[in-house]
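The values are calculated or read from the model by the stated rules, or taken from the named source; none is laboratory data. Nothing here was measured: the structure is a model prediction, and the numbers come from that model. All Cβ positions, glycine included, derive from the backbone under ideal geometry; neighbour counts span all protein chains shown. All accessible areas refer to the heavy atoms of the entire protein, side chains included, with ligands and DNA or RNA removed. Shrake-Rupley method; radii C 1.70, N 1.55, O 1.52, S 1.80 Å.
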Amino acid sequence: MFQNITYAMTCIYCNGSCIKKGFQKNGNQKLFCKKCIKWQQVKYSNRACHTETNIKISTLVKEGCGIRSIGRILKISPTTTIARIKQIAKNIKKPLTLSNKTYEVDELRTFVGNKTNLYWVVCAYERETKKIIDFNIGKRTKRTLQAITSKLELSHARKIYTDGLLMYKYILSKSTHCCNPVSINRIERMNLNLRTHLKRLNRRTICFTRSVIMLSACLKIYFWG
Ligand SMILES: [Zn+2]
């Protein structure tokens, strides 16, 4: 008797009228639109479905909130927060590497999983646009560095400035490579920004990243989101 009564609520998709049809497990009234054959609810308890949630999540990531704190602020579960961060990062595209530019390359030391598992974030900073154009996460090996440097060399970089790490001498050609501690000031400052703005990169705290995927996703959102 209670079902199939025309309800005063209008459809959010077509502005037609909906009918009451059953309840959700949490007691919320379900509505059904016969015109566009879509289900909807009088009120939503699950806040993650709102369209602005993704925008709020990426803003909070950039402001240095951890996953659990984002969950608490937006009243969504940490699991949903993790899934959304991954989804947002997946849709972000890396900027194009243009030819004939000057770069600074540096490594940032961090941990993944526990405080003994060292990882390095290698970033390439473009001087003209003042932006990070690429980064790679891994152990402090030739392969991790090469993923960035080979891309820069392929784009015919004018000059690549690095710190005194010996490995750069072997993987970069002498004509483009320049090793000078003063010349990487800008990227060192960028690293300092990263450490201040992202909770998981803060020093002398108990915060650290649990997985490389999440670190990569958060950096992507911070740089290009
Ligand atoms: Zn409708």
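As an exercise: evaluate H156 against (1) part of a helix (DSSP H, G or I); (2) under 15 Å from A124 (Cα atoms); (3) open to solvent by 60 Å² or more (accessible area, probe 1.4 Å) and give the number of the one condition it does not meet.
Going through (1) part of a helix (DSSP H, G or I); (2) under 15 Å from A124 (Cα atoms); (3) open to solvent by 60 Å² or more (accessible area, probe 1.4 Å) one by one, H156 breaks only (1).
So in segment 173-197, with the set limited to residues that are polar (S, T, N, Q) and closer than 22 Å to A89 by Cβ, which one is most open to solvent (accessible area, probe 1.4 Å)?
At the first step, the residues of segment 173-197 found to be polar (S, T, N, Q) are 173, 175-176, 180, 183, 185, 191, 193, 196.
Keeping just the survivors that are closer than 22 Å to A89 by Cβ gives 191, 193, 196.
Details: N191: 12, N193: 40, T196: 100 Å².
Taking the candidates together, the pick is T196.
Give L96, L74 a once-over and let me know the one that is outside the structural domain of I133 (by TED's automatic domain parsing) and loosely packed, with under 13 Cβ neighbours inside 10 Å.
Details: L74 fails: loosely packed, with under 13 Cβ neighbours inside 10 Å.
L96 is the lone residue from the list that is outside the structural domain of I133 (by TED's automatic domain parsing) and loosely packed, with under 13 Cβ neighbours inside 10 Å.
With the structure loaded, tell me whether K90 is open to solvent by less than 80 Å² (accessible area, probe 1.4 Å), modelled with pLDDT of 90 or more and over 18 Å from R200 (Cβ atoms) or whether it fails that test.
Numbers: open to solvent by less than 80 Å² (accessible area, probe 1.4 Å): no; modelled with pLDDT of 90 or more: yes; over 18 Å from R200 (Cβ atoms): yes.
Spelling it out, it is not the case that K90 is open to solvent by less than 80 Å² (accessible area, probe 1.4 Å), modelled with pLDDT of 90 or more and over 18 Å from R200 (Cβ atoms).
Can you tell me how many residues within segment 175-225 are part of a strand (DSSP E or B) and touching a residue at least 24 places away in the same chain (Cβ under 8 Å)?
Restricting attention to segment 175-225, the residues satisfying the condition of being part of a strand (DSSP E or B) are 177-179, 209.
Imposing the further condition that a residue be touching a residue at least 24 places away in the same chain (Cβ under 8 Å) reduces the set to 209.
Looking only at that region, the number is 1.
Find all pairs meeting these conditions: Cβ atoms under 9 angstrom apart; at least six residues apart or on different chains; first residue within segment 134-160 and modelled with pLDDT under 90 and of a type in the set (V, I, T); second residue surrounded by 14 or more Cβ atoms within 10 Å (Cβ to Cβ) and assigned to a loop (DSSP other than H, G, I, E, B).
none
Report the residue count in segment 150-205 for those that are farther than 25 Å from Y222 by Cβ and of a type outside the set (S, T, Y).
18
Quick one: which residue in T79, T102 is among the polar types (S, T, N, Q) and closer than 30 Å to I184 by Cβ?
Details: T79 fails: closer than 30 Å to I184 by Cβ.
Only one candidate passes the filter, namely T102.
Residues checked against (1) among the β-branched types (V, I, T); (2) touching a Gly at 6+ places or on another chain (Cβ under 8 Å); (3) open to solvent by 50 Å² or more (accessible area, probe 1.4 Å); (4) over 30 Å from R68 (Cβ atoms):
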{"residue": "L118", "(1), (2), (3), (4)": "no, no, yes, no"}
{"residue": "T129", "(1), (2), (3), (4)": "yes, no, yes, yes"}
{"residue": "G138", "(1), (2), (3), (4)": "no, no, no, no"}
{"residue": "T141", "(1), (2), (3), (4)": "yes, no, yes, yes"}
{"residue": "Q146", "(1), (2), (3), (4)": "no, no, yes, yes"}
{"residue": "I171", "(1), (2), (3), (4)": "yes, no, no, yes"}
{"residue": "K199", "(1), (2), (3), (4)": "no, yes, yes, no"}
{"residue": "R204", "(1), (2), (3), (4)": "no, no, yes, no"}
{"residue": "I213", "(1), (2), (3), (4)": "yes, no, yes, no"}
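How many residues does segment 27-58 contain that are open to solvent by 70 Å² or more (accessible area, probe 1.4 Å), away from the ligand (no atom under 16 Å from the Cβ) and modelled with pLDDT of 85 or more?
Counting residues in segment 27-58 that are open to solvent by 70 Å² or more (accessible area, probe 1.4 Å), away from the ligand (no atom under 16 Å from the Cβ) and modelled with pLDDT of 85 or more gives 3.
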